[in-house]
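Let me begin by presenting the structure, written as structure tokens, before commenting on it.
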């Protein structure tokens, strides 16, 4: 896959943002209800809704599960994003190393001849 294809597949909403550990406007009860609902979405295969709920709740374990899902489906940038948001240093670090390798390879490719 070329680097143009990689960037074309990136989310139009942007690449990455960091959430706080928890949404301070949520009560503990509301957060727990959101997490349960997110788990229901995840278990039923509605990953888009699950991701939104986990991000809203700042639920690190759910975000890491989302990262595992995206990694399994070879959506590496989104997997990295979920691991980063879930503060999973080991897995996000492994993906960073792989991305650095890819960028290095791109930089060492011969320029197209005119």
Q) Looking at segment 87-100, is at least one residue farther than 19 Å from residue 46 by Cα and assigned to a loop (DSSP other than H, G, I, E, B)? A) yes
Residue 68 passes all but one of the listed conditions (1) over 30 Å from residue 53 (Cβ atoms); (2) out of contact with any helix residue (DSSP H, G or I) (no Cβ under 7 Å at 6 or more places or on another chain); the exception is number (1)
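So, in segment 31-53, how many residues would count as being touching a residue at least 24 places away in the same chain (Cβ under 8 Å) and within 13 Å of residue 82 (Cα to Cα)?
Qualifying residue count for the region: 1.
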Here the residues within segment 6-30 that are assigned to a helix (DSSP H, G or I) and either surrounded by fewer than 11 Cβ atoms within 10 Å (Cβ to Cβ) or modelled with pLDDT of 90 or more (or both) are 7, 8, 28, 29
**OP:** Look at residue 55 and say whether it is modelled with pLDDT under 95, in contact with a helix residue (DSSP H, G or I) (Cβ under 9 Å, 6 or more places away or on another chain) and surrounded by 18 or more Cβ atoms within 10 Å (Cβ to Cβ).
**Re:** yes
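The values are calculated or read from the model by the stated rules, or taken from the named source; none is laboratory data. It should be emphasised that the depicted structure is a prediction, and the values quoted were computed from it without experimental measurement. In this analysis, Cβ positions are derived from the backbone assuming ideal geometry, glycine residues included, and neighbour counts consider all displayed protein chains.
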